[in-house]
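As C-alpha cells, the structure follows; a few thoughts come after it.
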Amino acid sequence: MRYPLTADLPFNRAAVQSGFVAILPGSPQSAGLDGDGFWLILQGNSMLVTEQLQMPFGPMPEFLSERCEPSTIGLWQGKPLWIAAISRSIEIPPSFSAEPFNASGDRLDDATLTLGGMAMQIIHWQKKSRFCSSCGGALTPMPGNFGMLCPVCNYEHFPSIHPCAIVLVRRGDQFLLARKKEWFPGRYGLVAGFLDMGESLEECAAREVLEETGIVIKNVQYVGSQCWPFPSQLMAGFIADYESGEIVVDESELEDARWFNRDEPLIGLPPHRSIARWILDRYMLGSD
Ligand SMILES: [Zn+2]
C-alpha cells in the first residue's frame, strides 16, 4: 500500500510536516516576512511550476508584479511561502508550465500538492469572504487567524469546510462501486456525498448509498479522513456492510453501480492519492 495511514495521504498536513511552518495572517511573525521565497501560484485549476515541476524560488516573478497581491501562509524549508492566484488571461513565461492541479496526476510530488491544496483553500476563502452575508458590509481580516470581521454588524465569519462521507460497502467477498457519467470509460469509485443538516457522518454515508444505489447498509465504521481542497471539502471515509436491497441506480447522480468480486481484475480505480483508493487498498489487503 502506497500510503499506510491517512495521515500520509497528500492534502493532509503530515505530508509537509518536515518542512512547513504555518504563519497565520496578521500574526506578529507574518509582519517580518519579506524577500526571496517559494512561490505557489495558482491559475484556474493549474499550478505554475518550473521545468523540474517544483515551485519557483526567489524574488516575486516579474509577470506577477501589479497583477495580484501575494500573501504568505508560512515558511517552507525555512523560507517564506508566498501564494497568489492569477487570471487565466495572463501569459506565462516559457520557463514555467501550468501543471493541472488534482489528485489524478502523479507529476507533482506529495508536498507540492499538499501546499497547493492549502493555498487553494485559503485563496478560495479569501475570494468568498469579501462581504458580510448578514448585512452586506465589507469584511476586514481578523489578525492571527483566517476569520473575517464585519465592522458594520460585528459578525465574525470563519472559513467553511464542507464535510463529505465516502463509503465502501461489503457483501461477502463482494464490494459496491459506482460510476458517474462524466468519468472516463471504465472508471469506478466509492459512493460519496455531502453532509446534510441534522445528520451524523455515519447517517450521511448510509443515506448516500441508499439514495444513489437503493442499498441499505449497516455497521458503518469510520476508517480515516482526507482534506480535499477542491475547493474546500473534508472527506470522511467509512466501511460498511450490506444489509438489504437490490441495486437501483439514481440516474441523476450515477451512470452505473454494481457489485465487484474481490478477485476480479479492476481497471479505472480512483487515483492513488485519494482516500477512495486508500479505503479500497485497505480492503483488498484484508485490513477490513
Ligand atoms: Zn455585517
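Pairs meeting the criteria (first residue in region 39-61 and under 18 Å from Gln126 (Cβ atoms), second residue hydroxyl-bearing (Ser, Thr, Tyr), beta carbons under 9 Å, at least 6 apart or on different chains) are Leu40/Thr112; Gln43/Ser87; Gly44/Ser87; Met47/Thr112.
Take the residues in region 77-112 that are under 23 Å from Ser18 (Cβ atoms) and in contact with a Phe, Trp or Tyr (Cβ under 7 Å, 6 or more places away or on another chain); name whichever of them is surrounded by the fewest Cβ atoms within 10 Å (Cβ to Cβ).
The selected residue is Lys79.
Each residue in region 11-25 was checked for being touching a strand residue (DSSP E or B) at 6+ places or on another chain (Cβ under 9 Å) and closer than 19 Å to Leu234 by Cα, and 4 of them qualify.
The set of residues from region 125-162 being more than 16 Å from the ligand (Cβ to nearest atom) and either surrounded by 18 or more Cβ atoms within 10 Å (Cβ to Cβ) or hydrophobic (A, V, I, L, M, F, W, C) (or both) comprises Trp125, Gln126, Phe146, Ile161.
Figure legend. Inter-residue proximity from region 168-182: first residues surrounded by 15 or more Cβ atoms within 10 Å (Cβ to Cβ), second residues modelled with pLDDT of 95 or more and among the polar types (S, T, N, Q), beta-carbon distance below 8 Å, spacing 6+ or different chains. Indicated pairs: Leu176/Thr213; Ala178/Thr213. Look at Phe175 and say whether it is more than 21 Å from Leu53 (Cβ to Cβ) and in the same structural domain as Ile275 (by TED's automatic domain parsing). Answer is yes for this residue. Looking across region 25-53, just one residue is aliphatic (A, V, I, L, M), at pLDDT below 85 and assigned to a loop (DSSP other than H, G, I, E, B), and that is Leu33. In region 127-152, the residues that are of a type in the set (Phe, Trp, Tyr) form Cβ pairs under 9 Å with partners that are within 10 Å of the ligand (Cβ to nearest atom), at six or more places apart or across chains, as follows: Phe131/Gly137; Phe131/Ala138; Phe131/Leu139; Phe131/Cys150.
Restricting attention to region 241-256, does a residue exist that is at pLDDT below 90, under 22 Å from the mean Cα position of the chain (by Cα) and either surrounded by fewer than 17 Cβ atoms within 10 Å (Cβ to Cβ) or in the same structural domain as Ala14 (by TED's automatic domain parsing) (or both)?
yes
If you go through region 197-205 one residue at a time, do you hit one that is over 24 Å from Gln121 (Cα atoms), free of Cβ contacts under 8 Å to residues at least 40 places away in the same chain, assigned by TED's automatic domain parsing to the domain that holds Phe238 and part of a helix (DSSP H, G or I)? Looking through region 197-205, at least one residue is over 24 Å from Gln121 (Cα atoms), free of Cβ contacts under 8 Å to residues at least 40 places away in the same chain, assigned by TED's automatic domain parsing to the domain that holds Phe238 and part of a helix (DSSP H, G or I). So is Ile92 assigned to a loop (DSSP other than H, G, I, E, B), more than 16 Å from the ligand (Cβ to nearest atom) and in contact (Cβ under 8 Å) with a residue 12 or more places away in the chain or not? Spelling it out, Ile92 is indeed assigned to a loop (DSSP other than H, G, I, E, B), more than 16 Å from the ligand (Cβ to nearest atom) and in contact (Cβ under 8 Å) with a residue 12 or more places away in the chain.
When you scan region 256-267, do you find a residue that is assigned to a loop (DSSP other than H, G, I, E, B) and of a type in the set (Phe, Trp, Tyr), even just one? No, there is no match, as no residue in region 256-267 is assigned to a loop (DSSP other than H, G, I, E, B) and of a type in the set (Phe, Trp, Tyr).
Within region 153-160, can one find any residue that is touching a strand residue (DSSP E or B) at 6+ places or on another chain (Cβ under 7 Å) and either part of a helix (DSSP H, G or I) or farther than 19 Å from Arg258 by Cα (or both)? There is at least one residue in region 153-160 that is touching a strand residue (DSSP E or B) at 6+ places or on another chain (Cβ under 7 Å) and either part of a helix (DSSP H, G or I) or farther than 19 Å from Arg258 by Cα (or both).
The values are calculated or read from the model by the stated rules, or taken from the named source; none is laboratory data. Quick caveat, the model's predicted, so the values are computed rather than measured. Neighbour counts run over all protein chains shown; Cβ positions are idealised from the backbone, glycine included.
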